[in-house]
Amino acid sequence: MRWGVVTFPGSNDDHDALYAVGHVLGDEAVSLWHKDRDLKGVECVILPGGFSYGDYLRCGAMARFSPIMESLTAFARAGGLVLGTCNGFQVLCEAGLLPGALIRNRSLRFVCDRVHLRVEQTRTPFTSLYTPGEVISIPIKHGEGCYVADAATLEALETNRQVVLRYVDASGRATAEANPNGALNNIAGVVNAQGNVFGLMPHPEHVCEKLLGGDDGLRLFQSVAAWYAEGTRPHAASLAPGH
């Protein structure tokens, strides 16, 4: 499988993502510059964490207009797999590829910690190797990770099973104390209605090796690889969480 990792001015987790899929997973991984329009034949695009364009205006607001986003949007609309972590999640929301928005943390402070997440949905290309309801541990590091959306959007996300990851405590309970940023409904990651675009605030690329603190994030990348190992690229409609 061939992965592409986008670098914006200010990205700082792009090399971590390249290492995760290229070295740990052992797939082909290529760098994509923000001014590129050619996605180089990749089968999954990763928008990494960092501070694209210095996070001026709003996080992800300027990156949304990078030349590569035009190609990425067309790629996603055609059913291509797109993964956005942290700042990448913010970019996907700004670009309208995912619903909702990310705003300042409830504490108004940058949060760097390790959190527990409950896997709510495994019928996606990104989480198929997890167990429904499984509690995993993945690091976070963000200042604007509070996921918000209007009531109708939140209801639709829950009804359509588009909430993929939720902040919980070690026992799997979605409590206020387990919520590191004030995200509505303790939402840590969502998928689009078609199921091929996934955004999450935690950093799975930082937990891919047990020697370096755990491998709970590795299965996310392995899930994508396994999805493609089945042999045929599925149409976007077949990726919908409700299918």
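The values are calculated or read from the model by the stated rules, or taken from the named source; none is laboratory data. Since this is a predicted model, take the numbers as computed values, not measurements. Every residue, glycine as well, gets a Cβ built from its backbone with ideal geometry; the counts of neighbours run over all protein chains shown. Only protein heavy atoms, including side chains, enter the accessible area calculation; ligands, DNA and RNA are left aside. Shrake-Rupley method; radii C 1.70, N 1.55, O 1.52, S 1.80 Å.
Of note:
- Any hit, the stretch 173-195, residues being part of a helix (DSSP H, G or I) and on the phi > 0 side of the Ramachandran plot: yes
- Total residues in the stretch 196-208, condition assigned to a loop (DSSP other than H, G, I, E, B) and out of contact with any Asp or Glu (no Cβ under 8 Å at 6 or more places or on another chain): 3
- Consider the stretch 1-32 and keep the residues that are in contact with an Asp or Glu (Cβ under 9 Å, 6 or more places away or on another chain) and assigned to a strand (DSSP E or B). The one that is farthest from P67 (Cα to Cα) is R2.
- Among the residues making up the stretch 122-139, those that are free of Cβ contacts under 8 Å to residues at least 60 places away in the same chain and within 24 Å of C44 (Cα to Cα) are T122, T131, P132.
- Hits in the stretch 78-100 - residues which are farther than 21 Å from D14 by Cβ, under 17 Å from the mean Cα position of the chain (by Cα) and open to solvent by 10 Å² or more (accessible area, probe 1.4 Å): G96, P99, G100
- Qualifying residue in the stretch 38-52 (condition: surrounded by fewer than 17 Cβ atoms within 10 Å (Cβ to Cβ) and touching a strand residue (DSSP E or B) at 6+ places or on another chain (Cβ under 8 Å)): yes
- Within the option set S137, S128, S71, being among the small types (G, A, S) and touching a strand residue (DSSP E or B) at 6+ places or on another chain (Cβ under 7 Å) holds for one residue only, S137.
- Per the conditions (1) in contact with a Lys or Arg (Cβ under 9 Å, 6 or more places away or on another chain); (2) of a type outside the set (S, T, N, Q); (3) closer than 30 Å to D169 by Cα, the sole criterion not satisfied by F51 is (1).
- Close pairs (8 angstrom Cβ cut-off, 6 or more residues apart or separate chains): within 27 Å of C146 (Cβ to Cβ) and of a type in the set (K, R) in the stretch 58-75, assigned to a loop (DSSP other than H, G, I, E, B) and open to solvent by less than 30 Å² (accessible area, probe 1.4 Å) anywhere: R64/A95
- Within the stretch 140-177, the only residue that satisfies the criterion of being surrounded by fewer than 22 Cβ atoms within 10 Å (Cβ to Cβ), hydroxyl-bearing (S, T, Y) and touching a residue at least 40 places away in the same chain (Cβ under 8 Å) is T153.
- Members of the stretch 101-121 found to be open to solvent by 30 Å² or more (accessible area, probe 1.4 Å) and within 14 Å of the chain's Cα centre (by Cα), listed by number: A101
- Taking residues in the stretch 100-116 that are within 13 Å of M201 (Cβ to Cβ), and partners anywhere that are buried (at least 19 other Cβ atoms within 10 Å of the Cβ) and at pLDDT below 95, the pairs with Cβ atoms closer than 8 Å and at least 6 places apart or on different chains are L102/C59; L102/G60.
Yes/no per residue for (1) open to solvent by 10 Å² or more (accessible area, probe 1.4 Å); (2) of a type outside the set (D, E); (3) modelled with pLDDT of 95 or more:
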site	(1), (2), (3)
H206	yes, yes, yes
L212	yes, yes, no
D216	yes, no, yes
A225	yes, yes, yes
Y228	yes, yes, no
P241	no, yes, no
